[in-house]
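The values are calculated or read from the model by the stated rules, or taken from the named source; none is laboratory data. Remember, predicted model here, so these are calculated numbers, not experimental data. No Cβ is skipped: glycine too gets one built from the backbone with ideal geometry, and neighbour counts run over all protein chains shown.
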Amino acid sequence: MGKPTGFMEYKREKVKELPAKDRISSWNEYATRLSDESLQTQGARCMDCGTPFCHMGVEIRGAAAGCPIQNVIPEWNDLVYKGHWKEALDRLHMTNNFPEFTGRVCPAPCEGSCTLGINEPAVAIKSIERSIIDKGFENDWITPRVPQSRTGKKIAVVGSGPAGLAAADQLNQLGHSVTVYERHDRLGGLLMYGIPNMKLEKSVIDRRINLLRQEGIDFVVNTEIGKDITAEELKAQYDAVILCIGAQKQRVLHLEGSESKGIHLAMDYLTGVTQSLLDSNFEDKTAIDVKGKDVIVIGGGDTGADCVATALRQQARSVHQFGKHPELPKVREDDRPWPQDPNIFKLDYAYEEAAAITGKDPREYCIQTKKIVADKDGNVKELHTIQMEKILGDDGFHYFKELPGTEKVWPAQAVFVAIGFEGVEKSLPEQFGVKLSNNRIQASIKDFETNVPGVFAAGDARRGQSLVVWAIKEGRAVAASVHEFLSTNVTV
Ligand SMILES: Cc1cc2nc3c(=O)[nH]c(=O)nc-3n(C[C@H](O)[C@H](O)[C@H](O)COP(=O)(O)OP(=O)(O)OC[C@H]3O[C@@H](n4cnc5c(N)ncnc54)[C@H](O)[C@@H]3O)c2cc1C
Ligand code: SF4
């Protein structure tokens with residue numbers, strides 16, 4: 001806990017953010033740290049609540065309640081309040097391999113479960129987490145921990161997202177020899193080519209990977225398992241294989257006109273922009289560019305928000321984001337009681353930026369695209385929409401009803417499709433002979449092993465598109481299971 005009376009004396013302070021109007025001219029991170037003094041005050045707000053729900057890490061109605069990796073938040077809040085930053089870092093690293101990622105991009109379900117959050121703004125847990133780790137790097141407290149001895153066991157991790165990296169880190173520290181294979185040219189999975197640079201600067205990922213490399217993990221990029229190396233070859237070379245291949249098969253739009261030029265999958269846009277930024281600061285002109293265009297993002301989720309923020313930085317003429325669902329409530333509703341995730345309206349960074357420039361939140365709610373119309377050259381010209389109403393049917397399910405008379409035509413020269421992900425790409429699991437269920441790799445939460453002995457799965461590939469913090473949790477858990485497997489089995 002922090003100071004016994006801190007929660008009554010101090011107000012919550014948000015992370016420092018550059019003003020929305022200024023930051024859209026830059027691709028650098030828009031959020032920075034609070035001062036040490038402010039952070040200590042924020043740590044002091046943590047109260048002695050007896051049972052700290054902030055670190056319980058369970059799922060209630062499909063959403064996280066409390067920190068999924070069970071970060072022992074009250075302990076590091078207390079250490080920060082007392083100015084013991086290094087001890088706070090050691091405590092944090094015991095449960096979280098990569099606080100510099102979660103401290104930047106985690107939606108912080110811990111804060112939704114903070115006891116103080118019942119009647120006051122929650123403790124600023126995520127800001128404190130980020131500051132502990134950033135301070136650790138700045139002060140050179142984080143140095144390579146090279147294992148003293150090796151077990152002689154070899155493990156292949158396929159995929160370098162947060163699940164693969166966490167699994168590799170854990171197993172390497174146990175003395176096993178780990179090789180991570182990645183089909184992209186850069187490591188990090190969706191941390192690298194998904195989450196935009198302004199939310200998570202890519203140098204932050206490279207810094208961690210350099211450390212993991214110095215600790216003994218081998219990384220092989222530009223290598224697609226299943227094509228460049230077959231499943232059989234991989235199994236023959238390693239004592240265990242972990243599939244952390246994500247769930248990146250995107251949903252496509254099936255609509256009249258959706259084959260028009262200028263309609264792109266969101267991930268093609270986001271990946272291309274980050275790659276071009278990192279390769280050449282956009283000199284190579286390989287990224288989709290929406291400068292001066294009217295942009296529409298179809299899909300109301302977080303991937304869509306990242307497209308909005310990216311389009312604003314490219315100086316699009318206008319940006320709108322279409323969502324099927326109604327606007328979320330401003331305060332926690334009765335059917336979302338604490339300590340569940342409150343699922344309330346938030347002005348995400350992208351929307352704040354759009355509002356600062358256009359004076360309006362770019363989100364359009366309860367809207368359905370009916371058709372896309374192209375010009376004579378096949379380029380997208382306009383989207384035709386209708387408003388909908390969400391109604392509760394007699395069977396207890398919700399339905400959407402179109403509202404006649406609300407038809408509208410929107411000009412658009414670029415459209416990004418961000419309507420979610422179907423699940424795992426099937427070809428590699430099929431080559432391994434691994435069973436799928438609901439477009440995910442079938443592996444139990446108990447041991448993460450698939451139906452093929454010695455082949456394990458974790459992260460989005462196993463649980464479906466999720467969050468970085470869940471991927472880290474799964475990476476840690478699969479590592480524990482693989483370690484146990486290697487203690488009792490010799491080869492795959
Ligand atoms: C646009 C976007 C923004 C997001 N923003 C956030 C956010 O702000 N906060 C948050 O918590 N979560 C966010 N997420 C979700 C989060 O990024 C994922 O849940 C997380 O990265 C999953 O980790 P993973 O390791 O399971 O898989 P991934 O990160 O998807 O990594 C899988 C890796 O496997 C590689 N791979 C696949 N097949 C092969 C093969 N055959 N051979 C070699 N390599 C292969 C892929 O190239 C990829 O690098 C976002 C997701 C998207 C799409
Ligand atoms: S990882 Fe996420 S849920 Fe856990 S303490 Fe950090 S911000 Fe909160």
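Summary of values
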| quantity | calculated |
| --- | --- |
| Selection within the stretch 144-161 - part of a loop (DSSP other than H, G, I, E, B) and surrounded by 24 or more Cβ atoms within 10 Å (Cβ to Cβ) | GLY159, SER160, GLY161 |
| Leading residue by the ranking (farthest from the chain's Cα centre (by Cα)) among those in the stretch 64-94 that are more than 12 Å from ligand 2 (Cβ to nearest atom) and over 16 Å from GLY136 (Cβ atoms) | LYS82 |
| 1 or more residues over 15 Å from GLY304 (Cα atoms) and among the aliphatic types (A, V, I, L, M): qualifying strands (runs of 3 or more DSSP E) within the stretch 318-411 | 367-374, 380-392, 408-411 |
| Enumerated helices (runs of 4 or more DSSP H) restricted to the stretch 162-278, each holding at least 1 residues that are under 24 Å from the mean Cα position of the chain (by Cα) | 162-173, 202-214 |
| Residue list for the stretch 448-488, filter: over 30 Å from ARG104 (Cβ atoms), assigned to a loop (DSSP other than H, G, I, E, B) and in contact with a strand residue (DSSP E or B) (Cβ under 8 Å, 6 or more places away or on another chain) | THR450, GLY454 |
| Long-range neighbours under 9 Å by Cβ, at least six apart or interchain, first residue without any contact (Cβ under 8 Å) to a residue 40 or more places away in the chain within the stretch 179-191, second in a strand (DSSP E or B) | LEU187/VAL180; LEU187/PHE219 |
| Residue list for the stretch 280-317, restricted to those being over 27 Å from CYS366 (Cα atoms) and in a helix (DSSP H, G or I) | SER280 |
| Single residue of the stretch 164-218 satisfying the filter (small (Gly, Ala, Ser), within 15 Å of ALA240 (Cβ to Cβ) and within 13 Å of ligand 1 (Cβ to nearest atom)) that is surrounded by the most Cβ atoms within 10 Å (Cβ to Cβ) | ALA167 |
| Matching residues, the stretch 219-270, being closer than 20 Å to ALA311 by Cβ and among the small types (Gly, Ala, Ser) | SER258, SER260, GLY262, ALA266 |
| Matching residues in the stretch 86-109 - criterion: being part of a helix (DSSP H, G or I), within 16 Å of ligand 1 (Cβ to nearest atom) and of a type outside the set (A, V, I, L, M) | PRO99, GLU100, PHE101, THR102, GLY103, ARG104, PRO109 |
| Selected residue (criterion: modelled with the lowest pLDDT) from residues of the stretch 25-55 that are under 21 Å from the mean Cα position of the chain (by Cα) and surrounded by 16 or more Cβ atoms within 10 Å (Cβ to Cβ) | ARG33 |
| Test: residue in the stretch 429-444 that is under 30 Å from GLY292 (Cα atoms), surrounded by 24 or more Cβ atoms within 10 Å (Cβ to Cβ) and either more than 10 Å from ligand 1 (Cβ to nearest atom) or hydrophobic (A, V, I, L, M, F, W, C) (or both) | no |
| Pairs with Cβ under 7 Å, 6+ apart, first in the stretch 71-85 and within 16 Å of ligand 1 (Cβ to nearest atom), second outside any helix (DSSP H, G or I) and of a type outside the set (Val, Ile, Thr) | ASN71/ASN96 |
| Some residue of the stretch 161-179 being acidic (Asp, Glu), in the same structural domain as ILE242 (by TED's automatic domain parsing), in contact with a strand residue (DSSP E or B) (Cβ under 9 Å, 6 or more places away or on another chain) and within 16 Å of ligand 2 (Cβ to nearest atom) | yes |
| Output for the stretch 2-27, where each listed residue is touching a helix residue (DSSP H, G or I) at 6+ places or on another chain (Cβ under 6 Å), closer than 21 Å to GLN314 by Cβ, part of a helix (DSSP H, G or I) and not basic (Lys, Arg) | ALA20 |
| Candidates VAL290, VAL241, VAL295 - the one that is touching a residue at least 40 places away in the same chain (Cβ under 8 Å), outside the structural domain of VAL380 (by TED's automatic domain parsing) and touching a strand residue (DSSP E or B) at 6+ places or on another chain (Cβ under 7 Å) | VAL241 |
| Selection within the stretch 328-354 - of a type outside the set (Phe, Trp, Tyr) and modelled with pLDDT of 95 or more | ALA350, GLU352, GLU353, ALA354 |
